[in-house]
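Every read-out reported here was derived from the displayed coordinates using simple, explicitly stated rules and does not represent laboratory data. Quick caveat, the model's predicted, so the values are computed rather than measured. A quick note on method: Cβ atoms are made from the backbone with ideal geometry, for glycine too, and the neighbour counts reach across all protein chains shown.
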Amino acid sequence: MISEPVLNTESHTVYSNMMQQLFLSMEPMMKNDDPVNYIEKHLWEEANQQGITEIVSKNFNQLKYYLIRDVLGYGILDVLMKDKKLEEITVERFDRNVGIIHRQFSEFNILDTNVIFGTVELMNSYIQKLMQKTGNSVSSATPIVNTMTPEGHRIIATYEREVSLPGPTLDIRKFAEEPYTIVHLLKCGALNDLMAAYLWLLLDAKSFGLIVGETGSGKTTLLNTLIGLANPRWKIVTIEETPELQIPHYRWQRLFTRTSPTITQNTKFDISIMDLIKASMRMRPDFEIVGEVRGEEAQYLFQSAATGHGGLTTFHSSGAESALNRLAAEPINIKMSQQMLLWFIVHVTRLRTHEKKIIRQIISLDEITSQNNNIQLTKVFQYDIKSKKYNINSIDELIQKSKRIQHASDMLNVNLKEDLEKRILLLSECVQKNIKNQNQINLIISKYYDDFINFTLV
């Protein structure tokens, strides 16, 4: 329930005039180091010129609030956009309450707010202003826009009644200001320290992995979190349709696609994920991340992985077997010989707990190995929702069950048990100190690589 100052009829007229004047002076305001101070000065200057200082003085706080909200903020949705606990804002139609998904009250799915646009005209106008803030445009000719706010929140909007009824629609996926780290996931139990150490070891061996799950299951969050464990000295290349990933590495090349407006019907200047994967093969990355694969671009990703660098991507699927079947089918057509390049498949999904909370959980981790020229899936980790535990909880059990970590330890020339113990110890240090900033986590996990280099030099 949002409570905002009330503007009476008299002050609303003043507000409308002020908004018009501010719109005309938008350019000098944006160049100003203190736009809030600029708005305050503008308010008093206009009040003096128009001889309405008494009205402005009486309603100054209310007028200032709305001018700042609507010029610098996100207008009617500004309070929701500033709430760090919200995960998503959804507007299915102009005449119904704006909905939100709250991180702390996930058991209710979508909650209603007391915010409502009310008319088609107001919502269309809002979407146009929102697109201007993101540096895009929307019109009847291009009624669908998929973009991001300057803060990194993802927006998908439809305009007018061109492709949606009864009018425009809007969905904003909000991302945390501080990206989730491995500490966040360990503390909430999305995985345990043994699995984290295992995945960290495989990443160091430049493995090729797949994160699968349904829409909104946390695939991108997990992808971003895992790459935070990779060697800080590596060169990382990320490829996305909409840039969402936040990689802590100094040597990070961030690539994203380009799509021509629908109205032009000219795709010769488009840059696809496939084009970017081809280009990245000449950039000599230590590790390559593709935000998501859906179609034939997967062919190039698998070919790229065969060149020896590590790879990680996400894929819509309900499990490891389903993912392999989808990869083999049209239009992706990944042959079995190519599928053997995969080391592991992580399945993350949304679960409802006994307390009726919705959580995001890694429920299984499968290794892919070859046997008699066939793909063999080995379920290394399996989550039991009743006990809230994984099937294996000791290093010895993991070593006995996993073939890939033995391969990884041979490649890295390390004692497997000692290496896993060291990684678990460093991860535990991060958790015990409650360090959730990725740069601070890097300082701790870098000890692993520092010690390794010192040992090698000796």
Among Cys430, Cys188, which comes first, second and so on when ranked by fewest other beta-carbon atoms within 10 Å?
-> Cys188, Cys430
If you take every DSSP beta bridge whose two residues both sit in the chain, what share of them, in percent to the nearest 5, is antiparallel?
-> 60 percent
Rounded to a whole number, what is D in µm²/s for the chain from Stokes-Einstein with the Kirkwood radius over alpha-carbon pairs (10 °C, 1.306 mPa s)?
-> 64 µm²/s
Points 7 angstrom from Cα along the Cβ direction at Glu92 and Glu151: gap in nanometres?
-> 2.6 nm
Bounding extents of the stretch 1-72 in its principal axis frame from Cα atoms, largest first in Å, are 36, 32, 17
Taking only C-alpha pairs under 8 Å that are 6+ residues apart, what is the relative contact order of the chain in percent?
-> 12 percent
Where in the stretch 104-119 is the amide nitrogen less than 13 Å from a point lying 7 Å along the Cα-to-Cβ axis of Lys84?
-> none
If you add up the charges near Thr90, with Lys and Arg at +1 and Asp and Glu at -1, over every other residue whose beta carbon is less than 13 angstrom from its beta carbon, what do you get?
-> 0
The stretch 59-109: D in µm²/s via Stokes-Einstein (Kirkwood Rh, Cα pairs, 10 °C, 1.306 mPa s)?
-> 127 µm²/s
Measuring from centroid to centroid over Cα atoms, what is the spacing of the stretch 188-219 and the stretch 1-73 in Å?
-> 50 Å
Applying 1/(1 + (r/R0)^6) with R0 = 22 Å to the Cβ-Cβ distance of His354 and Asn109, what FRET efficiency is obtained, to the nearest 0.05?
-> 0.80
So, over other residues within a Cβ distance under 13 Å of Thr134, counting Lys, Arg +1 and Asp, Glu -1, the net charge is +2
Would you please report the Å³ per residue occupied by the convex hull of the alpha carbon atoms in the stretch 361-405?
-> 75 Å³
In nm, spacing of pseudo-spin labels at Ser125 and Arg294 (7 Å Cα→C-beta vector) | 3.4 nm
Measure off 7 Å from each Cα along the Cα-to-Cβ vector at Gln432 and Ile68, then give the distance between these two points in nanometres to one decimal.
-> 4.4 nm
Over the alpha carbons of the stretch 251-350, what is the largest minus smallest coordinate on each principal axis, giving the biggest first in Å?
-> 41, 32, 30
Formal net charge of residues neighbouring Ser318 (Cβ-Cβ distance under 11 Å; K, R +1; D, E -1) | -1
